[in-house]
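Below you'll find the structure, written out as structure tokens, and then a few comments.
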Amino acid sequence: MADGGGNQLAHFGGFPGLPASVAMPRAELFRALADHALAGGVSIEYGKRLVGAEETPDGVTATFSDDTTATADVLIGADGIRSTVRTLIDPDAPGPEYGGVLSFGGFSSDSGVQAEPGTMYFAFGRTFIGYWLYSDGRICWFASLPQAEPLTYAEVLSVPAADWLARLRDLYAGHVPGENLLARSDPQDMMIVGPMERMPSLPRWHRGRMVLVGDSAHAPSSSSGQGASQAIESAVELARCLRDLPTPAAAFTAYENLRRARVEMISGGAAATNKAKSGQAGDKPAMPAPEQMFGPVHRHHIDWHETVSGE
């Protein structure tokens, strides 16, 4: 971690006894999870859009936009930050909050910026840029553009990538190493991520036989680096609770009790990081010790074999 002048603020080499973090394309993660589900006998149907659900004493029936239905013991809403299931559970539930920055990514070649394999770099200044050495020798970067007024993803996408890159270059002029990375980037290689958003604390995670998991309940902003990780943790804890407790109500209550404090702690930390990314934290944000910063996140352990008591 460094400031916008290139001065190193902190260095972290990982936790002894834990595997190194892995960066991968999101599509590879999706494919690994889908393949694992299929191998376990789980069927996947694409092209379905949930429009409603009806509960009975013995189950819940989901209705889709093509007028087909599916009936099961429970309905798990793993349907993302704009969850339909969330509105079925609580029509007054809040929606996602804008974090004050737009996010972009891209690739840089021959920029002169040095990066060690297996290391991710973060540089704060008027705003933020992160980068790492990609497998083909280019440097992959991700950057934040402060934007007071929220824009939808469609509105961001309607602006040519070259225009966004020009704005980023102006913002990062004099920023080390952002200026060099952006100067040697092609707008054709830009990734338009869009507005950075997070879910505020939800009053309700479940009702009856319906429950939320992952981003539908607790999406942190991408500043956390924990969106997929927290979704997977919640899925494991929900599975344990459904396995060990006698009713959906008992399982869902125990699951929420196990997860809410942790995900809200991580989401709150990411919200603070967003202030640094939007330039609100100054050029040299305070950097706590690596154990203090990362320990509560990366040292978390779920014992699959431990029985959930429901108390």
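The values are calculated or read from the model by the stated rules, or taken from the named source; none is laboratory data. Being a predicted model, the structure only gives us computed values, none of them experimental. Cβ: placed from backbone, ideal geometry, glycine included. Neighbour counts: every protein chain shown. We work out accessible area using only protein heavy atoms, side chains counted, and drop any ligands, DNA or RNA first. Shrake-Rupley method; radii C 1.70, N 1.55, O 1.52, S 1.80 Å.
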I want the local charge near Asp67. Using Cβ-Cβ distances under 13 Å, sum +1 for each Lys or Arg and -1 for each Asp or Glu among the other residues. +1
How large is ³J(HN,Hα), in whole Hz, for each residue of the stretch 103-116 in order, when computed from phi with the Karplus curve 6.51 cos²θ - 1.76 cosθ + 1.60 and θ = phi - 60°, using x for Gly and Pro? 10, 9, x, x, 10, 10, 10, 6, 7, x, 7, 8, 8, 7
Have a look at Ala254, Ile89, Met190 and report the one farthest towards the positive end of the charge dipole of the chain, computed about the Cα centre with Cβ charges (Lys/Arg +1, Asp/Glu -1). Met190
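Can you give the helix-only mean residue ellipticity at 222 nm for the chain, where every DSSP H stretch with n ≥ 4 adds -39500 (n - 2.57) and the sum goes over all residues, rounded to the nearest 500 deg cm²/dmol?
Values: 9 runs with 103 residues, N = 311.
My calculation for the chain gives -10000 deg cm²/dmol from helical runs alone.
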When the accessible area of the stretch 1-53 is split by element with a 1.4 Å probe, what percent falls to carbon and sulfur? 56 percent
Within the under-15-Å Cβ sphere about Ala261, not counting Ala261, Lys/Arg +1 and Asp/Glu -1 give a net charge of -1
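Would you please put 100-110, 170-180 in order of how densely packed they are, using the mean number of other Cβ atoms within 10 angstrom per residue and starting with the highest?
Details: 100-110: 20.5, 170-180: 18.8.
Packing order, densest peptide first, comes out as 100-110, 170-180.
Rounding to the nearest 20 debye, state how big the charge dipole of the chain is about its Cα centre with +1 on each Lys and Arg Cβ and -1 on each Asp and Glu Cβ.
Details: 24 positive and 36 negative charges, 111 e Å.
Charge dipole, the chain, about its Cα centre: 540 debye, nearest 20.
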Could you look at the stretch 93-178 and say what percent of its accessible area is carbon and sulfur, using a 1.4 Å probe and all protein chains? 56 percent
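If you count, for each residue, the other Cβ atoms within 10 Å and average over each peptide, how do 77-88, 111-122 line up from highest to lowest? Provide the component values of the computation, followed by the final result.
Values: 77-88: 19.3, 111-122: 14.2.
Top to bottom by mean Cβ count within 10 Å: 77-88, 111-122.
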Reference-scaled alpha-carbon Rg (2.2 N^0.38 Å with N residues) for the stretch 26-88: 1.25
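Counting only heavy atoms of protein chains, what accessible area per residue, in Å², does the chain have with a probe of 1.4 Å? Kindly include the intermediate steps, with their values, before the conclusion.
Details: 16850 Å² over 311 residues.
Result: 54 Å² per residue.
Given Cβ point charges of +1 (Lys, Arg) and -1 (Asp, Glu) and nothing else, what value in debye, to the nearest 20, does the dipole of the stretch 112-232 about its Cα centre take?
Computed about the Cα centre, the dipole is about 520 debye.
Can you tell me, using C-alpha contacts under 8 Å and at least 6 residues apart, the relative contact order of the chain as a whole percent?
Working: 520 pairs, mean separation 67.2, N = 311.
The normalised contact order for the chain reaches 22 percent.
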Using a Förster distance of 45 Å, how high is the FRET efficiency between Asp90 and Ala183, based on the Cβ-Cβ distance and rounded to 0.05? 0.40
How far, in degrees from 0 to 90, does helix 26-39 lean away from the longest principal axis of the Cα atoms of the chain, to the nearest 10? 30 degrees
Positive-end residue of Ala27, Pro117, Trp205, charge dipole of the chain with Cβ unit charges: Pro117
With 10 Å bins from 0: P(r) over the stretch 111-269, alpha-carbon pairs, percent: 9, 30, 27, 19, 12, 3, 0
Given a cut-off of 20 Å, what percent of all Cα-Cα pairs of the stretch 59-132 lie beyond it? 60 percent
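As an exercise, take the mean of 1/r over every pair of distinct alpha carbons in the stretch 183-266, invert it, and state the Kirkwood radius in angstroms.
14.3 Å
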Taking only Cα atoms and a 10 Å spring cutoff, compute GNM fluctuations for the chain and point out the largest among His300, His218, His36. His36
